[in-house]
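Notes to accompany the following structure.
The values are calculated or read from the model by the stated rules, or taken from the named source; none is laboratory data. Note that the structure is a prediction, hence the values are computed from the model and not measured. In this analysis, Cβ positions are derived from the backbone assuming ideal geometry, glycine residues included, and neighbour counts consider all displayed protein chains. The area values use the complete protein model at the heavy-atom level, side chains included, leaving out ligands, DNA and RNA. Shrake-Rupley method; radii C 1.70, N 1.55, O 1.52, S 1.80 Å.
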Amino acid sequence: DKENVGFELTISCPKEKRKINEEINIKKRLKEHFIMHFFEREKEIKKIKYQGIKWILFGICAVVLSVLIKTFDHDPLIISLVEAIMLIPGWFGIWEGLGKIFITAKEKSPEYQFYKKMLNCRINFRGY
């Protein structure tokens, strides 16, 4: 199971320059760094997915509106024109939203996964 595999970050430095208090501080700051970036990436992915949902809803509304316009008993030319004007952005919105959810959000996933793994990594110092 890849999720349970522990990662280890080993930092090498000269034995005579190692200081336990500084190492503890460095470990703490690295953990804070990983946590901060993890939540930033998580927030970014959620925002992209939310934008995708908004695009899909806009697209669905535009397509439904273009269908409803057909029910009016007005000039067929105007109805056809308005229908075409609403149908194109409707489908564009649906596809753009799906693209944001399934493609753009997935492009951000490697960084998110990296920081997720680094949240629980062990940080060690080794003297040489």
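Inside region 17-67, residues that are touching a helix residue (DSSP H, G or I) at 6+ places or on another chain (Cβ under 7 Å), open to solvent by less than 80 Å² (accessible area, probe 1.4 Å) and under 19 Å from Glu111 (Cα atoms) make up a count of 7. With respect to (1) farther than 29 Å from Gly127 by Cα; (2) over 24 Å from the mean Cα position of the chain (by Cα); (3) among the hydrophobic types (A, V, I, L, M, F, W, C), the lone exception for Ile48 is condition (2). Pairs are defined by a Cβ separation below 8 Å, a sequence spacing of at least 6 or placement on different chains, a first member in region 10-39 that is closer than 22 Å to Phe114 by Cα and modelled with pLDDT of 90 or more, and a second member that is among the hydrophobic types (A, V, I, L, M, F, W, C) and open to solvent by 60 Å² or more (accessible area, probe 1.4 Å); the pairs so defined are Ile11/Ile26. Lys70 fulfils the conditions (1) under 30 Å from Leu9 (Cβ atoms); (2) exposed (fewer than 12 other Cβ atoms within 10 Å of the Cβ) except for a single criterion, (1). When restricted to residues that are surrounded by fewer than 16 Cβ atoms within 10 Å (Cβ to Cβ) and touching a helix residue (DSSP H, G or I) at 6+ places or on another chain (Cβ under 9 Å), region 90-105 contains 7.
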